[in-house]
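K.L.:
Encoded as structure tokens, here's the structure I'll be asking about.
The values are calculated or read from the model by the stated rules, or taken from the named source; none is laboratory data. Because the structure is a prediction, the values reported are computed rather than measured. Positions of Cβ are backbone-derived with ideal geometry, glycine not excepted, and every protein chain shown enters the neighbour counts. With ligands, DNA and RNA removed, areas are computed over all heavy atoms of the protein, side chains included. Shrake-Rupley method; radii C 1.70, N 1.55, O 1.52, S 1.80 Å.
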Amino acid sequence: MKIICTLFITIIFSAAALATQPSIYGENGVVVAHDLEACEAGIEILKKGGNAVDAAVAVSYALAVTHPQAGNIGGGGFMLIHMADGQKVAIDYREMAPGQAHRDMFLDDSGKVVPQLSVRGGLAVGVPGTVAGLQLALDKHGSMERKKVMKPAIKLAQKGFTIPYDLAYSFGWLNKAAEGFDETRRIFCRDGEIYMPGETFKQPDLAKTLKLIQKKGNAGFYTGPVAEAMVKSSSKYGGKISSQDLMNYTAKIRKPVIGNYRGLEVISMPPPSSGGIALISMLNMMEPMVFDSVGWHSAQHIQMIAEVEKRAYADRSVWLGDSDYFDVPQDKLLSKEYATLRMADYDSLTITPSDSIYPLNDKDLAGIELIGQESEETTHFSVVDKWGNAVSVTTTLNWSFGSYVTVDGFGFLLNNEMDDFSSKPGEPNSFGLIGNEANAIEPKKRMLSSMTPTILAQDGKVVLIVGAPGGSTIITTVLQVIHNMVDFGMPVHDAVNVPRFHHQWRPDVIHYGPGSISPDTMVLLEAMGYELVPRYGYGEVNAISRDKIFGGWVGAPDLKTASHGAAY
Ligand code: GLY
């Protein structure tokens, strides 16, 4: 009954074709993404007869214009596709380490990690993958020409768009933070005369770059003047990317990882993302648990999920990395048998301290309690079309505005994805995540990601498209949306918008969003030995689910971050 009432309430608020309401409903196509302009770009392509892959490429390029904190052409991402005929494909356009990268490149002479070296400036930049990845997606599963799908983004860059408050705020913040990065301040901060909310933001340099890509495809980006400028701009700030690195970049088609949770097929991203394996492994650990009489976000509930999360993140730190370079024991980590074994020491009444979850044979790991500086600036969007093709995309520059290096004269930022490697195996990165040999730096290797674009299907038909930004919190965010829907019967809008919590094994603390854990529950959890740390504004989930009553699709943008949806 609760589900039906909530559905009706959200539908009443969601009748418009293009809208920013809490939920939107469409039968022919839905796009949910950070910016309304990007959603509209996707709907425009769907209305012109394009499929969900065509629309996803249009949305991605539009976000490179409207959401420069994370939308990009100078970064990378993952696209998960479930075609209506049942084909499931993962497209990997993760950045690669430059050919001159090496294991100790972020260490000083005494072997200590040099703060910020992997985060800002040229050395932080991985070889960008987005342009190659979008082209591969279009070639393999799209139906339209690049020329058409890039049109909305080029128009947005040329004619401009109205700067929303959150973007103006970020530009104001960037103006101070990016001191010394003159091109970045010229493009995004008008050389210090910062943009006000409501002004129009035009990007002629970016429009020129997009037109080159539109005309020449990969050659317009990975060779010629744009490539030359990328090499020069990154090297100006100490970077080592060469024209050879750019010319040799390849996006890859990978086989998605697939699990099963209570009868639903869970399809997600394989390495070099840790997301899919960690997600499915957590769901496997949760499957024997019975939630019928467990109160949502009660102490008992939070204990159950936190213990699962800790075990999966402990495994992540040791076993996950680029599978082209490291032998990831994927089948084992995805098996139900392994989940049973992993939970053998789980006790529903007590805490298992992180120290005893993974046998710490590396002394360097002892006592690490550092969360590091956080950044949540990845972005996720979901698309579905009238044929039932579904696309789930997470894309990023890593931190907000990436490395702060903007390519001179071409108007786009380069990523700082090198920080997602383990600069020193055993030491936490900026997300507080610990990696080991599996994620050590090697030339041309792809750094481990947490991005978790995911699709759920039932009897071969898509029922949910989901994903999120949020660095290390991405995987537990996606987990909780699925858990809220499957185990607590929440409609997608509620599942996306209720507060969340997060445990990543190290540091041994539960992070919680505003309103996530009541004061009484905190007392109970602290009595069990859990340490609780508040955390604000993470995980902009942009999801779409099949509507069981009307048969169409419900788009659920994350209201915490004023995300958007459009449908028709
Ligand atoms: N840069 C964040 C991630 O890939 O997980």
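K.L.:
Taking a threshold of 28 Å on the Cα-Cα distance, which of the pairs Lys88/Lys445; Lys88/Lys155; Lys176/Lys560; Lys47/Lys444 fall above it?
P.N.:
Distance filter (> 28 Å) returns Lys88/Lys155; Lys47/Lys444.
K.L.:
Ok, one more. By how many nm would the segment from Ser235 to Val318 lengthen if fully extended, with 0.36 nm per residue of separation less the alpha-carbon distance?
P.N.:
Between Ser235 and Val318, full extension yields 26.6 nm more.
K.L.:
Right, next: For Asn260, what residues show an amide H to amide H distance below 5 Å, using hydrogens built from the backbone and excluding near sequence neighbours?
P.N.:
Val266
K.L.:
Label-point separation (nm) for Asp327 and Asp166, each offset 7 Å from Cα along Cα-to-Cβ?
P.N.:
Placing both labels 7 Å beyond Cα along the Cβ direction yields 4.5 nm.
K.L.:
Still on this structure, please answer the following. Per the Kirkwood formula on distinct C-alpha pairs, the Rh of the stretch 173-283 is how many angstrom?
P.N.:
After inverting the pairwise mean of 1/r, the radius is 18.0 Å.
K.L.:
Whole-Hz ³J(HN,Hα) for each residue in the stretch 441-447, computed from phi via Karplus 6.51 cos²θ - 1.76 cosθ + 1.60 with θ = phi - 60°, x for glycine and proline: what do you get?
P.N.:
Per-residue couplings from phi come out as 6, 9, x, 6, 7, 9, 6 Hz.
K.L.:
Further, regarding this structure: Mind checking the per residue accessible area of the chain for me, 1.4 Å probe, whole number of Å²?
P.N.:
35
K.L.:
At each listed q (0.23, 0.25 Å⁻¹), what is the log10 of I(q)/I(0) that the Debye formula gives for the stretch 271-324 modelled as equal alpha-carbon point scatterers?
P.N.:
Result of the Debye calculation: -0.86, -0.95.
K.L.:
Give me the number: length gained by fully extending Lys255 to Lys444, i.e. 0.36 nm times residue separation minus the C-alpha to C-alpha distance, one decimal in nm.
P.N.:
66.0 nm
K.L.:
Going by amide H atoms built from the backbone, whose H comes under 5 Å of the H on Met447, apart from near neighbours?
P.N.:
Those lying under 5 Å, H to H, from Met447 are Ala97.
K.L.:
Also, quick follow-up: What ratio of Cα Rg to 2.2 N^0.38 Å holds for the chain?
P.N.:
Working it through for the chain, the quotient is 0.90.
K.L.:
Give me the net charge for the shell around Ala457: Cβ to Cβ below 15 angstrom, other residues only, Lys and Arg +1, Asp and Glu -1.
P.N.:
Within the 15 Å Cβ shell, the charges total +2.
K.L.:
Taking 7 Å along the Cα-to-C-beta vector as the label spot, tell me the Asp408-Asp292 distance in nanometres, rounded to one decimal.
P.N.:
6.9
K.L.:
Which whole-Hz ³J(HN,Hα) couplings does the stretch 180-191 yield from phi under the Karplus relation 6.51 cos²θ - 1.76 cosθ + 1.60, θ = phi - 60°, glycine and proline marked x?
P.N.:
x, 9, 5, 5, 5, 6, 5, 6, 9, 10, 6, 6
K.L.:
Turning to a different aspect of this structure: Hey, what do the phi angles of the stretch 216-221 turn into as Karplus ³J(HN,Hα) couplings, whole Hz, using 6.51/-1.76/1.60 and θ = phi - 60°, x for Gly and Pro?
P.N.:
Those phi angles translate into 10, x, 4, 4, x, 10 Hz.
K.L.:
Return the tail of the calculated pair distribution for the stretch 495-564, meaning the percent of Cα-Cα pairs more than 17 Å apart.
P.N.:
When all Cα pairs of the stretch 495-564 are counted, 54 percent exceed 17 Å.
K.L.:
Could you compute the longest span of the chain free of GluC sites (Glu not before Pro) located in DSSP loops and having at most 15 other Cβ atoms within 10 Å, not counting the site residues?
P.N.:
200-368
K.L.:
Run the accessible area of the stretch 98-248 with a 1.4 Å probe and give the carbon-and-sulfur part as a rounded percent.
P.N.:
Roughly 51 percent, rounded to a whole number.
K.L.:
Same structure again: Give the residue list of chymotrypsin sites (Phe, Trp or Tyr not before Pro) in the stretch 215-292 that are DSSP loop and have at most 16 other beta-carbon atoms within 10 angstrom.
P.N.:
Hits after loop and neighbour filter: Phe291.
K.L.:
Still on this model: With r defined as the distance between the Cβ atoms of Val523 and Lys47 and R0 fixed at 56 Å, what FRET efficiency is calculated, to the nearest 0.05?
P.N.:
0.55
K.L.:
Label Gln244 and Asp85 with points 7 Å out from Cα along Cα→Cβ: what is the distance between them in nm?
P.N.:
Here the answer is 4.1 nm between the modelled labels.
K.L.:
Another one. When the accessible area of the stretch 485-568 is computed with all protein chains present and a 1.4 Å probe, what percentage of it is carbon and sulfur?
P.N.:
Its accessible area is 60 percent carbon and sulfur atoms.
K.L.:
List residues of the stretch 383-403, by number, whose backbone nitrogen lies under 16 Å from a label position 7 Å along Cα→C-beta of Lys140.
P.N.:
Hits in the stretch 383-403 for Lys140 at 16 Å: 390-394.
K.L.:
Give the residue list of trypsin sites (Lys or Arg not before Pro) in the stretch 312-351 that are DSSP loop and have at most 16 other beta-carbon atoms within 10 angstrom.
P.N.:
none
K.L.:
Considering all alpha-carbon pairs of the stretch 409-568, what whole percent are spaced by more than 29 angstrom?
P.N.:
Summing the P(r) of the stretch 409-568 above 29 Å gives 32 percent of all pairs.
K.L.:
Follow-up question, since we're still on this one. Based solely on its DSSP helices, what 222 nm [θ] is calculated for the chain when runs of n ≥ 4 H residues each add -39,500 (n - 2.57) and the sum is averaged over all residues, nearest 500 deg cm²/dmol?
P.N.:
-10000 deg cm²/dmol
K.L.:
In terms of solvent-accessible area of protein heavy atoms at a 1.4 angstrom probe, what is the ranking of Arg146, Arg535, Arg262, highest value first?
P.N.:
From most accessible down to least: Arg262, Arg146, Arg535.
K.L.:
Quick check: residue separation of Trp387 and Asp355 times 0.36 nm, minus the Cα distance between them. What number comes out in nm?
P.N.:
Answer, rounded to one decimal: 6.6 nm.
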